[in-house]
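First up is the structure itself, then whatever we jot down about it.
The values are calculated or read from the model by the stated rules, or taken from the named source; none is laboratory data. Here the structure is a predicted model, which is why all the values come from computation and not from measurement. Neighbour counts run over all protein chains shown; Cβ positions are idealised from the backbone, glycine included. Side chains are part of the model used for accessible areas, which takes the heavy atoms of the whole protein and leaves out ligands, DNA and RNA. Shrake-Rupley method; radii C 1.70, N 1.55, O 1.52, S 1.80 Å.
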Amino acid sequence: MDHLSDVLAAISHPTRRAIIGKLAKGPARFSDVAEPFNTALNSVTKHLKLLERAGLIERRKEGREVFISFRAEPLREVAGWVNVYERFWSERLDQFERHFAEKRQKGAKKK
């Protein structure tokens, strides 16, 4: 898969988005990341692996503790991709607006 697909797949799951939300506040230990989820630690580990593969998190080991940090850079790629379509729809909506404005002007001239 390409990198954009990895990032989109990583953010597609609500648990992974919740993990990102927690880590956006600052680095956390693995146990702190896993705590709010009523699921097996193995499941959280799988979510973290997907986030790591997408480059959205990085792990740092200090002694016995593993600290996980959020990396926002991959989300810029998603934002850039979405921005292309935002411009597309903005242009289309502007065209509709011009069309209806012209139609109103023509209707006002007939009266």
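What share of all Cα pairs of the stretch 12-111, in percent, falls into each consecutive 5 Å distance bin?
The percentages, shortest bin first, are 2, 11, 16, 16, 10, 7, 6, 6, 5, 5, 5, 4, 3, 2, 1, 0, 0.
Arg29's amide H: which non-local residues (gap 5+, or another chain) put their own amide H closer than 5 Å, with H modeled 1.01 Å from N in plane and none for Pro or chain starts?
Residues meeting the amide H criterion: Ile68.
Carbon and sulfur: what percent of the chain's accessible surface (1.4 Å probe)?
Numbers: 4370 of 8150 Å².
Solvent-exposed carbon and sulfur of the chain make up 54 percent of the total.
Which residue, Ala10, Val33, Leu48, has the largest displacement toward the positive end of the dipole of the stretch 1-86 when charges sit on each Cβ (Lys, Arg +1; Asp, Glu -1)?
With unit charges placed on the Cβ atoms, the residue in question is Val33.
Mind putting a number on the dipole of the stretch 42-111 about its Cα centre? Charges go on the C-beta only, +1 for Lys and Arg and -1 for Asp and Glu, and I need it in Debye to the nearest 20.
Details: 18 positive and 11 negative charges, 116 e Å.
Taking the Cα centre of the stretch 42-111 as origin, the dipole is about 560 debye.
Between the helical axis of 14-23 and the dominant principal axis of the chain, each derived from Cα atoms, what acute angle in degrees is found, rounded to the nearest 10?
With both axes taken from Cα atoms, the answer is about 70 degrees.
Take peptides 80-90, 40-50, 62-72 and line them up by average Cβ neighbours within 10 Å, highest first, as a rough protection proxy. Walk me through the numbers on the way to the answer.
On the way: 80-90: 10.0, 40-50: 14.3, 62-72: 12.7.
With the highest mean Cβ count within 10 Å placed first, the list reads 40-50, 62-72, 80-90.
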